[in-house]
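The values are calculated or read from the model by the stated rules, or taken from the named source; none is laboratory data. Since we're looking at a predicted model, the values are computed, not measured. Note that we place each Cβ from the backbone using ideal geometry, even for glycine, and neighbour counts take in every protein chain shown. Note: accessible area is taken over every heavy atom of the protein model, side chains too, but ligands, DNA and RNA are not part of it. Shrake-Rupley method; radii C 1.70, N 1.55, O 1.52, S 1.80 Å.
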Amino acid sequence: MRNCHEMNKYDLNCYHYGAVRSDACTRACLWTVALQLLGAMAECRVEASQIALNGAISACEKAGMWEKALRILSVMVQSQVQANTITFSAVISACEKGRKWKKAAQLLHVMVQSKVQPDSMTFNASISACASCGEWEKALNLLSVIELCKMDFNTITYSTAISACAKGEQWQKASQLFDLMVLRKVELDVATFNAAISAYEKAGKWEHAMQLSRAMAESKVKLDTVTGNAVISACEKSCEWESSLRLMEDMAHVQVETNTVTFNAAITACEKGREWQKAK
């Protein structure tokens, strides 16, 4: 890296650093380079701007470096640089990647206390943090907060909340959210279906899982490996070996990749159904 004297010849200021950081560093997830640039700014006595610091936080977020992201946020507060919605959303997302849902919840509280308006990305990251740790009740509480804020729920919001319910083994709650999406005409994507099917799979509700997989075709949402594996696993839990094998055939027919998980679930279904010849 050039020294400060060489850099100053080009009259680099906070906007130059911010542009470098938010463009190259963020996209490439080069959090170490982003932090080095922050250090260079301090050495060259270039005041860090909101743009530069947000870029560094975003780089850390993409690398899952939640502690570094929190540290930069602390620097912003100490330097009296205004943290905005982008700042908090990125730090909360970093905490989500680090499975630190409590930190994410605290940051959302601080954000509101600081009179910074959360947006859908902020809430989605917070719900995702809860989902990653199976904190389904916290995720549903956040949905209530979104309602109070009169903000629109999007596909990611619902899908993430359904995933939280699935991980918390709350298939009925997941089913209610899915039905609410349909009622409100919110777009359903493969992540939505997979989250709901996963909830049914964990509860052994193979018929519900099969029904949703058929609904995917009707909604013109393409079934993927995750979908197939979850449905086959649901069938396996209920010893529905015939349904498992039929779904494997359907996956092959629509050219959906099968993997070790697929075969293991199908073989176990046959074993439970005492169809050892099929398992071979």
Checklist line | Residue-level accessible surface for F263, protein heavy atoms, 1.4 Å, Å² | finding: 100 Å²
Next item on the list: Take each of the peptides 252-258, 67-73, average the number of other beta-carbon atoms within 10 Å over its residues, and list them starting from the highest.
Entry: 67-73, 252-258
Margin query: Under the 0.36 nm per residue contour assumption, what length would be gained going from the current alpha-carbon distance of V145 and Q80 to full extension?
Written below: 20.5 nm
Note to self: Using the basic label-point model (7 angstrom from Cα toward the beta carbon), what is the D250 to K220 distance in nanometres?
What the structure shows: 2.0 nm
Note to self: Taking θ = phi - 60°, what integer Hz values does the Karplus form 6.51 cos²θ - 1.76 cosθ + 1.60 yield along segment 64-70, in sequence order, with x for Gly and Pro?
What the structure shows: x, 8, 5, 5, 5, 4, 5
Margin query: Here is the link list: K150/K185; K167/K237; K62/K115; K103/K167. Which ones come out longer than 24 Å on Cα distance?
Written below: K62/K115
Note to self: Heavy atoms of the protein only, probe of 1.4 Å, neighbouring chains included. What is the accessible area of D250 in Å², nearest 10?
What the structure shows: 80 Å²
Margin query: How many angstrom lie between the Cα centre of segment 68-130 and the Cα centre of segment 209-234?
Written below: 35 Å
